[in-house]
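The structure appears right after this line, and notes come after that.
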Amino acid sequence: MTAVFATRHAGTDTNWIWLTRPNDSMLVSLSNLRLIAHYWLGPISIITHVACGLRMVLLQRDISPATTNLIALALITAGIVTSSIILAALLNVHIA
Amino acid sequence: MNRPRELSLSAIIASKDAGTASLLRLSAVSLRRLCLVVPALCAMAYPPLLSLLSSGLVLVHGSASPNGVIVWVSVIASLTLALAVMLVSFVFGLALGSPHVRDDPEGGRARSIAHLAFATPTLYVGFGNVAYYVLQAPSAAPIAWLIFWALVAMIALLDPRSSPIAAAMTPIGHRRLVLAHGVSASAILLLFIGPHIVNHAAGFWNGQVHIAIMNVVRRVYRNDIVQPVLLALIGSQILSGTALVWRRMRMPSDFLGTVQTMSAVFVGVISWPI
């Protein structure tokens, strides 16, 4: 968040162009790989946490543990797929 | 019950042996304490290993400029490294959450450290951002990282008697906090995270579609009223989430329960203004 707020404060729009400049990819240099895991894991962690929170709510409503676990794992898998799509896009993979 | 010769992870972690009578017992205590700092050591090793990986990739590719297959090799390699650190932390967090160690202050402290180490990939980016944007000294990040984790490892090695007592929370207070956390999270999901994730996924179509959607959804989450509300909600999520995770650190947990608390810490690190 520091990067976004500091850049916005400096008057730069923190949009897609800012994120993927200058070669339409977030990976600018092989010497700076740390952002790959950060960007991939961010959405996964959020969706995973929401899935686990939903699991607790469903368990309290007497839904069977097998069903709640299945729902949570399905959501986590969806999060991994979504985040992989986002990362691919950030690395200049597009379908159109 | 405790068998000093048992060298499995769960047995070492479950050992509460604090006696000093025999050499074998001393070894068990030392071994256990060393095991408890493994996640911190893994986190500490992450930046040097990432640098080593970068150097190797540049050497093989002949340039630091990524193109072609090296992009995907670097993606897979860097994700593997990050996941390895997280996996070690997860295994320790899960083992420390077993019922055998639930009331052990030393184990509880190490369990918290394992949770923090799980967030290593994002926490290290946070260190880099503070060093670059706030301190304007990018080279400070790796040094600050080493010092930070050395201190964290020392905390794990401290005498368990000096461990702080967990703050008490009544069951009603806990229920209310959980409810507030869930309601606040739902608002953040609807107003910001949901549209933001859809917006980024739309970038897979192309950058122009992403920008077009962004211009629409930004009208909502960058609205003069909505934006401060969102920031306040995120702040409340961090505070309530910290209290909830802190409480869970003193309770036994299963696989998905550990996934929940570890992802909570990860989300907290992302949300924290670093």
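Where a number appears in this text, it was derived from the coordinates with a stated rule and is not lab data. These figures come from a predicted structure and were not determined experimentally. No Cβ is skipped: glycine too gets one built from the backbone with ideal geometry, and neighbour counts run over all protein chains shown.
Some points to look at:
- Applying 1/(1 + (r/R0)^6) with r as the Cβ-Cβ distance of A:Ile80 and A:Asp24 and R0 = 22 angstrom yields a FRET efficiency of 0.35.
- Taking 37 °C and 0.692 mPa s as conditions, segment A:26-90 diffuses translationally at an estimated 252 µm²/s according to Stokes-Einstein applied to its Kirkwood radius (Cα pairs).
- With neighbours defined as other Cβ atoms within 10 Å of a residue's Cβ, the residues B:Cys35, A:Cys52 order from fewest to most as B:Cys35, A:Cys52.
- Here segment B:111-259 was treated as a single set of alpha-carbon atoms; its pair distances binned every 10 Å from 0 give 9, 23, 32, 27, 8, 1 percent.
- Order of B:Ile143, B:Ile238 - criterion: other Cβ atoms within 10 Å of each residue's Cβ, fewest first: B:Ile143, B:Ile238
- Over the residues of chain A, the helix contribution to mean residue ellipticity at 222 nm works out to -23000 deg cm²/dmol, using -39500 (n - 2.57) for each DSSP H run of at least 4.
- Model label zone, B:Asp224; criterion: amide N under 13 Å from point 7 Å along Cα-to-beta-carbon; scope segment B:166-201: none
- Longest to shortest principal axis, alpha-carbon extents of segment A:56-96, angstrom: 45, 13, 13
- Quotient of the Cα radius of gyration of segment B:171-248 and 2.2 N^0.38 Å, N being its number of residues: 1.35.
- Neighbour-count order for B:Phe118, B:Phe148, B:Phe92, B:Phe192, fewest beta carbons within 10 angstrom listed first: B:Phe148, B:Phe192, B:Phe92, B:Phe118
- Build a GNM of chain A with springs between Cα atoms under 10 Å apart, and of A:Ile44, A:Ile80, A:Ile63 the one that fluctuates most is A:Ile63.
- For the pair B:Met251 and B:Ile155, the difference between a 0.36 nm per residue extended length and the Cα-Cα distance amounts to 32.5 nm.
- Förster radius 30 Å - calculated FRET efficiency between A:Ala96 and B:Val69, Cβ distance, rounded to 0.05: 0.80
- Using a Förster distance of 41 Å, the FRET efficiency for B:Ser51-B:Leu179 (Cβ separation, nearest 0.05): 0.35
- A straight line joining the Cα centroids of segment B:65-121 and segment B:181-247 runs 26 Å.
- Note on B:Asn215 and B:Leu59: their simple-model spin labels are 4.8 nm apart, each label 7 Å out from Cα toward Cβ.
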